[in-house]
Amino acid sequence: MKQNVNWSAKRITFIALAMAVVCISTMVIQIPIPLGYMHLGNCCILLIGVFFDTTTGLLAAGIGSAMADLLSGYPQWIIPTLIIKGLMGYSIARLSKKKGERAKVMALRTLIAVTVGILIMIVGYILFGTILYGSFAAGIAQGY
């Protein structure tokens, strides 16, 4: 199967900037919760997922969020965040528009895509929180 992914310098630079936007928006305002923090990075992930392709959504959300965990002092969450946020960004980008079409912000398809992305994040953090801290109660506390 042939993939037509254009890996030009412009595209790589754009994806790197999207990763930086997610990382910085995650780190700028952090609201502490029992086992981590809430942040604005999720808003950027939702926007990048809706307006850009699956590769950009996957890499920007996964790597940008994982970098924020590393730089914020939560190294135990780097791998789970890479997986969870990567899936979140990919699924939003995949579901929010038909192939070859542009996304519409005020569309049922976009609402469904964003809802699925947020559910992936919540379930993923509950699951990994349960595994990482050894109890379901800790997993629920993590599932922000």
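The values are calculated or read from the model by the stated rules, or taken from the named source; none is laboratory data. Everything quoted here is computed from the prediction, not taken from an experiment. Positions of Cβ are backbone-derived with ideal geometry, glycine not excepted, and every protein chain shown enters the neighbour counts. With ligands, DNA and RNA removed, areas are computed over all heavy atoms of the protein, side chains included. Shrake-Rupley method; radii C 1.70, N 1.55, O 1.52, S 1.80 Å.
Overview of results
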read-out	value
Flag for G49 being closer than 29 Å to G100 by Cα, touching a residue at least 40 places away in the same chain (Cβ under 8 Å) and either open to solvent by 10 Å² or more (accessible area, probe 1.4 Å) or in contact with a Gly (Cβ under 6 Å, 6 or more places away or on another chain) (or both)	yes
Filtered residues of the stretch 52-68 (kept if open to solvent by less than 10 Å² (accessible area, probe 1.4 Å) and over 10 Å from the mean Cα position of the chain (by Cα))	T56, A68
Residues being part of a helix (DSSP H, G or I) and open to solvent by 70 Å² or more (accessible area, probe 1.4 Å) - total across the stretch 104-144	13
Among the residues listed as I45, I31, the single one being among the hydrophobic types (A, V, I, L, M, F, W, C) and touching a His at 6+ places or on another chain (Cβ under 9 Å)	I31
Qualifying position, being modelled with pLDDT under 95 and small (G, A, S), among G64, G73, G117	G73
For W7: the one exception among (1) at pLDDT 85 or above; (2) loosely packed, with under 14 Cβ neighbours inside 10 Å; (3) within 19 Å of the chain's Cα centre (by Cα)	(3)
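To keep it simple, each residue is scored yes or no on (1) more than 20 Å from C44 (Cβ to Cβ); (2) among the acidic types (D, E); (3) open to solvent by 40 Å² or more (accessible area, probe 1.4 Å).
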site	(1), (2), (3)
L82	no, no, yes
M88	no, no, no
R94	no, no, yes
K98	yes, no, yes
